[in-house]
Amino acid sequence: MMRSMFAGVAGSRNHQFKMDIIGNNISNINTIGYKTSRMTFQEAFAQTLKPGSSPTNGNTGGTNPAQVGLGTVIRSVDVVMTQGSLESTDRLTDLAIDGEGFFVLTDGVARKYSRDGSFDIDGEGYLVSPGSGWKVMGWLATDGKIDKSAAIQTIRLQIGESMTAQATDAIRYRGNLNAESSSLYGVEAQETAVVAANLLLDAARAAVAGGGDVAAVVAAVTTERAAVDGAVDAVIAAVNAELSANPDATASDLVAAAQAAAGTSTVALDMVDAIAKLQANVPGTTAVDVVKLLNDTAATVKNTTAAALDAATTAQADPTATPEKVKDAVGSVAEATSASLAVAQAVPSQWATQTMVYDSQGVQHNLQIQFYKVENNKWVWQATSPGATGEGVIRFLSDGQCDRDYASQQITIDPANGADLITITIDFSNVSQFGAASNVADAMVNGFPSGTLESFKIDPDGTITGIYSNQQNEVLGQIVLAKFTNPAGLSREGSNLYAETPNSGSANIGAAEDGGRGSIISCSVEMSNVDLAREFTDLIITLRGFQANARLITTAEEMLQELIQLKR
């Protein structure tokens, strides 16, 4: 009888404890990152009134033990670590964990763990839990790089912090250089041919104006042709003689030889001008380049003068020929030559592009590059902006792709303001040569001016990227997460913090999205995982259990009263 009373007392007391657990759960229904608890019972020791017996001699069966229970005790109070719902907050420092990990926090001495990611930035720029002041931990970046083998530290985000300017040292160009562009050699040769054709036409005009007959006009054209071709041959001979005498002759040496041989010939002087233009526009012009230009020009000029003379003699053979008709025949060749030049010039052999670059002090400079088509599948480039030094050759393969041997080249710029020289590696590997308009432009330019930290973003793996006023982003650090073998074994420390216990296992600290720690969701917090419907149901069950145990006590008391009244 006394046992039943004490069983009722134990049951009532334990149901009160369970009510405390339920009340705490309901109280924390809106606590960020709160994990609900549950209490379970187990039977207390039982008193054995009669032990069990085994069957004897095969005649009588065994008997079961007779035991009286001594009530109930608390078996456990478990923390249910299920994922809570996520709530969007639009605050950059609010973080939620989608997974099993815990944020790692410190007060400078100890470490605690939390699912509550409603962080803030304190007066010194540290990312902290505002309720406790404990600081969030992770890896700090050095020059935008994170060393995950280093020890974790407190995360500090200093809005307004300066970013040092970085000089440009790499540019990658992309686009197309028109394969149909006229080559510099072709245009220069055609220009000289126009000069030659006009000289023959002028000779024909002079003969007509002097009253000459048809034969006289043809003779004038023939004489002029011989003079033009002779001047061209003289320039070619002088250049070849220079090369024979000096096999190591430079382009400048050949120009000097051509200049001396040109005399007063208009055609020859135009050839010399073409060489000078070649030297000015084609970086590293060699003697071979000069010879090629002169030979191409000579061939074009002679073809033109031959065509003009053929037109004159053909017109002379016509029975109706007149001096004017012969002159007009030569003029038609001159017009055709000029038309060919116009066609060649319609698709320019050059293209220019501009790129903004920065020096070591963050000052912006305008880099201008000029491209010239020299011949088929060969373009040259030259830096033309003030203070810039750089030139080179770009060759293309038969399929229009850039020859990789010419893809990477260099430019140097003198800022002339006390900053360091800007040395830039330029990449032409993404420049093509197809039959389309030229449109080369920069695809990537590094370098930037100085700036200040204005904001930041946090990626799912915990990486914190700073956003600066100079439009640059830089990795500042990475928040770490801890994972436990038995998270329910952690000890609650208040302020939404947990501490390690022997049964929780050691904290396995590392990056989010790695090792099953879960991912970090920015601008969100994890809500309490308390199920209100379940709590209210448990509330009813607990109340009924308490009432039943209380009735057991009152009933046992009535039985004791009857026992006392046996003797009156």
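The values are calculated or read from the model by the stated rules, or taken from the named source; none is laboratory data. The structure presented is a predicted model; accordingly, all values stated were derived computationally and were not measured. All Cβ positions, even for glycine, are placed from backbone atoms using ideal geometry, and neighbour counts span all protein chains on display.
Tabulated data
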quantity	calculated
Strands (runs of 3 or more DSSP E) lying entirely in the stretch 1-105 (those with 3 or more residues that are more than 22 Å from residue 535 (Cα to Cα) and either of a type in the set (Lys, Arg) or within 38 Å of the chain's Cα centre (by Cα) (or both))	95-98
Residues that are farther than 16 Å from residue 459 by Cα, in contact (Cβ under 8 Å) with a residue 24 or more places away in the chain and either touching a Phe, Trp or Tyr at 6+ places or on another chain (Cβ under 6 Å) or surrounded by 11 or more Cβ atoms within 10 Å (Cβ to Cβ) (or both), drawn from the stretch 123-135	125, 126, 129, 131, 132, 133, 134, 135
Hits in the stretch 179-202 (condition: among the polar types (S, T, N, Q), surrounded by fewer than 21 Cβ atoms within 10 Å (Cβ to Cβ) and touching a strand residue (DSSP E or B) at 6+ places or on another chain (Cβ under 9 Å))	182, 183
Residue selected from the stretch 376-389 under the condition over 14 Å from residue 177 (Cα atoms) and either in contact (Cβ under 8 Å) with a residue 60 or more places away in the chain or among the hydroxyl-bearing types (Ser, Thr, Tyr) (or both), by the criterion surrounded by the most Cβ atoms within 10 Å (Cβ to Cβ)	382
Exclusive hit being out of contact with any Asp or Glu (no Cβ under 9 Å at 6 or more places or on another chain), surrounded by 13 or more Cβ atoms within 10 Å (Cβ to Cβ) and among the small types (Gly, Ala, Ser), set 261, 257, 241	261
Qualifying residue in the stretch 158-171 (condition: at pLDDT 90 or above, assigned to a loop (DSSP other than H, G, I, E, B) and surrounded by fewer than 20 Cβ atoms within 10 Å (Cβ to Cβ))	yes
Subset tally (residues that are over 16 Å from residue 84 (Cβ atoms), buried (at least 18 other Cβ atoms within 10 Å of the Cβ) and not small (Gly, Ala, Ser)) for the stretch 491-544	7
Subset tally (residues that are closer than 30 Å to residue 166 by Cβ and not hydrophobic (A, V, I, L, M, F, W, C)) for the stretch 471-504	6
Selection within the stretch 407-444 - buried (at least 19 other Cβ atoms within 10 Å of the Cβ) and hydrophobic (A, V, I, L, M, F, W, C)	411, 413, 422, 424, 426, 428, 431, 440
Filter result for residue 380 (modelled with pLDDT under 95, touching a Gly at 6+ places or on another chain (Cβ under 8 Å) and assigned to a strand (DSSP E or B))	yes
Pairs where the first residue, in the stretch 276-297, is modelled with pLDDT of 85 or more and the second is assigned to a loop (DSSP other than H, G, I, E, B), C-beta under 6 Å, 6+ apart	287/249
Test for residue 563: is it aliphatic (A, V, I, L, M) and farther than 23 Å from residue 134 by Cβ	yes
Filter pass, residue 392 being closer than 22 Å to residue 179 by Cβ, touching a residue at least 12 places away in the same chain (Cβ under 8 Å) and buried (at least 17 other Cβ atoms within 10 Å of the Cβ)	yes
Where residue 402 falls short, out of the listed (1) on the phi > 0 side of the Ramachandran plot; (2) surrounded by 18 or more Cβ atoms within 10 Å (Cβ to Cβ); (3) free of Cβ contacts under 8 Å to residues at least 40 places away in the same chain	(1)
Sole exception among (1) surrounded by fewer than 22 Cβ atoms within 10 Å (Cβ to Cβ); (2) of a type in the set (Ser, Thr, Tyr); (3) assigned to a helix (DSSP H, G or I) for residue 305, by number	(1)
Selection from the stretch 447-466 of residues that are closer than 24 Å to residue 361 by Cβ and exposed (fewer than 15 other Cβ atoms within 10 Å of the Cβ)	452, 454
Listing of strands (runs of 3 or more DSSP E) fully contained in the stretch 426-512 that carry 3 or more residues being over 30 Å from residue 369 (Cα atoms) and more than 26 Å from the chain's Cα centre (by Cα)	473-483, 491-494, 497-499
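Conditions tested, residue by residue: (1) small (Gly, Ala, Ser); (2) touching a strand residue (DSSP E or B) at 6+ places or on another chain (Cβ under 9 Å); (3) more than 24 Å from residue 188 (Cα to Cα).
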residue	(1), (2), (3)
383	yes, yes, no
389	no, yes, yes
398	yes, no, yes
403	no, yes, yes
407	yes, yes, yes
414	no, yes, yes
431	no, yes, yes
